[in-house]
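Accompanying notes for the structure given below.
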Amino acid sequence: MKHINGETNVKTLRFGSGSIKGIGKEIGRFLITTMEVPWALVKNEIGGQPEEVIFINNVDQENLDKLLLKIPDIDAVIGIGGGMAVDAAKYFSWRRDVRLISIPTIVSVDAFLTPAAGVRCNNKVIYVGNSSPDPLVIDYDIIRTAPKTLNIAGIGDLLSIHTASFDWQHAENNTKSEYPFSQDMILSGKKIINNLYNNIDEIKNVTNRGIDAIVEGYMHLNTICLPAGHFRIEEGSEHYLFYELEERLKRSFIHGHIVGLGIFCMSQLQNNQSDYIIEFMNNVGLDYHPQTMKIKKHDLVSSLLNLNNFVKENTHLWFTIINTEKINNNWVQEITKNLIF
Ligand SMILES: [Zn+2]
């Protein structure tokens, strides 16, 4: 793992095969938030005796607050698993003001690196609090027990820099940027993508180096976006297609897969080196085709055709290519030809 300067939102980092061993003996009284599968993987390795192990099956704020009342006195919280277990740990650590230890068992989402905890409130995800892992533990062998396609999905929210940065530039060109525009941020984002590009085979095969490349990418992204206070270079029109589909189909998706589909469509709408980024996604093995997500062709077509309206109605969304390019049926038919349903 490379040393990264700046606000990475990681206080300390421990990585390597077997790096989870014995961590429970070093941190005083601790609580664990996890799920059954990841817990089975690590429970004999981490050492020490947890005050309590809480299995997390939802991140409803009301539910987490109820659990919070029953939690014993602790010095630390360890979050072990994917997004939800880690988000719950972040929430508890923030509310109790105790040390956070993050042990992601998959790198499919960046919850283990972002400061705010994603919780559900009135059926909407909101981001609250502020926490930094101390340490973040990246144990390659543990992470490799997760399905490859899910670990590779971790690249989705980094490749979205390709389309989102274009959108920000596009907003600036139209004098619609919501934030002070920064070419430096865009150039730094490009470096993240280039670094991933140099590690395509490693990521595809989920090697140690490939896992590092994804984690380093997110840490770099934090150093660019946390000081600015927004993730404009990483979130744009590709995410808005996902929001539309989520509202339309009322179900969740593997985040990196659906963002990949957004990159496929929006890079073409933008006329933004779409051949390059689509080939990148193909070569790295990102499963962005609708078939993987069980999205039917008529749903995707309807969603794309509704996008212009969707961004008009949702006035809080940032200005992107969707605000200026009218999406018509011919174009939709043309681009969906190359997708697998
Ligand atoms: Zn995202």
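The values are calculated or read from the model by the stated rules, or taken from the named source; none is laboratory data. Worth saying up front: this structure is predicted, and the values here are computed from it rather than measured. Here the Cβ positions follow ideal geometry from the backbone for every residue, glycine too, while neighbour counts run over all protein chains shown.
General observations
- All positions within the range 134-165 that are in a helix (DSSP H, G or I), more than 16 Å from the ligand (Cβ to nearest atom) and over 22 Å from Thr292 (Cβ atoms): Tyr140, Asp141, Ile142
- In the set (1) of a type outside the set (Phe, Trp, Tyr); (2) out of contact with any helix residue (DSSP H, G or I) (no Cβ under 9 Å at 6 or more places or on another chain); (3) away from the ligand (no atom under 16 Å from the Cβ), the condition left unmet by Lys124 is number (3).
- Filter result for the condition that a residue is in a helix (DSSP H, G or I) and touching a strand residue (DSSP E or B) at 6+ places or on another chain (Cβ under 8 Å), over Ile211, Ile277: Ile211
- Hey, Leu41 touching a strand residue (DSSP E or B) at 6+ places or on another chain (Cβ under 9 Å), more than 22 Å from Asn208 (Cα to Cα) and assigned to a helix (DSSP H, G or I) or not: no
- Met266 more than 20 Å from Trp318 (Cα to Cα) and assigned by TED's automatic domain parsing to the domain that holds His170: no
- Between Ser102, Ser108, the distinction of being part of a loop (DSSP other than H, G, I, E, B) and either hydroxyl-bearing (Ser, Thr, Tyr) or in the same structural domain as Ser252 (by TED's automatic domain parsing) (or both) belongs to Ser108 only.
- Among the residues of the range 233-256, those that are more than 22 Å from Asn328 (Cβ to Cβ) and either among the acidic types (Asp, Glu) or surrounded by fewer than 24 Cβ atoms within 10 Å (Cβ to Cβ) (or both) comprise Glu234, Glu235, Glu246, Leu249, Lys250, Arg251, Ser252, Phe253, Ile254, His255.
- Condition broken by Met1, with the remaining ones in (1) part of a loop (DSSP other than H, G, I, E, B); (2) aliphatic (A, V, I, L, M); (3) more than 25 Å from Ala213 (Cβ to Cβ) satisfied: (3)
So that you can scan it fast, the table gives a plain yes or no per residue for (1) within 23 Å of Gly6 (Cβ to Cβ); (2) away from the ligand (no atom under 15 Å from the Cβ); (3) in contact with a Ser or Thr (Cβ under 6 Å, 6 or more places away or on another chain):
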| position | (1), (2), (3) |
| --- | --- |
| Lys191 | yes, yes, no |
| Glu202 | no, yes, no |
| Asn205 | no, yes, no |
| Leu226 | yes, yes, no |
| Arg232 | yes, no, no |
| Leu241 | no, no, no |
| Lys250 | no, yes, no |
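- Residue count, the range 189-208 (criterion: part of a loop (DSSP other than H, G, I, E, B) and closer than 19 Å to Lys148 by Cβ): 4
- Criterion violated by Thr33 - all others in (1) of a type in the set (Val, Ile, Thr); (2) in a strand (DSSP E or B); (3) modelled with pLDDT under 95 satisfied: (3)
- Any hit, the range 148-161, residues being modelled with pLDDT of 95 or more and surrounded by fewer than 16 Cβ atoms within 10 Å (Cβ to Cβ): yes
- Taken as a whole, the condition of being within 19 Å of Val125 (Cβ to Cβ), among the β-branched types (Val, Ile, Thr) and within 16 Å of the ligand (Cβ to nearest atom) does not apply to Val107.
- Residues of the range 167-188 satisfying the condition of being in contact (Cβ under 8 Å) with a residue 12 or more places away in the chain, part of a helix (DSSP H, G or I) and surrounded by fewer than 24 Cβ atoms within 10 Å (Cβ to Cβ): Gln169, His170, Ala171, Met185, Ile186, Ser188
- Qualifying residue in the range 213-224 (condition: surrounded by 15 or more Cβ atoms within 10 Å (Cβ to Cβ), without any contact (Cβ under 8 Å) to a residue 60 or more places away in the chain, among the hydroxyl-bearing types (Ser, Thr, Tyr) and assigned by TED's automatic domain parsing to the domain that holds Phe319): no
- Those residues of the range 298-341 which are part of a helix (DSSP H, G or I) and loosely packed, with under 14 Cβ neighbours inside 10 Å, in sequence order: His298, Asn309, Lys312, Glu313, Asn329, Asn330, Gln333, Glu334
- Residue within the range 83-98 that is away from the ligand (no atom under 16 Å from the Cβ), outside any helix (DSSP H, G or I) and not assigned by TED's automatic domain parsing to the domain that holds Asn199 present: yes
- From Phe92, Phe112, residue being closer than 29 Å to Thr207 by Cα, buried (at least 23 other Cβ atoms within 10 Å of the Cβ) and either of a type in the set (Phe, Trp, Tyr) or touching a strand residue (DSSP E or B) at 6+ places or on another chain (Cβ under 8 Å) (or both): Phe112
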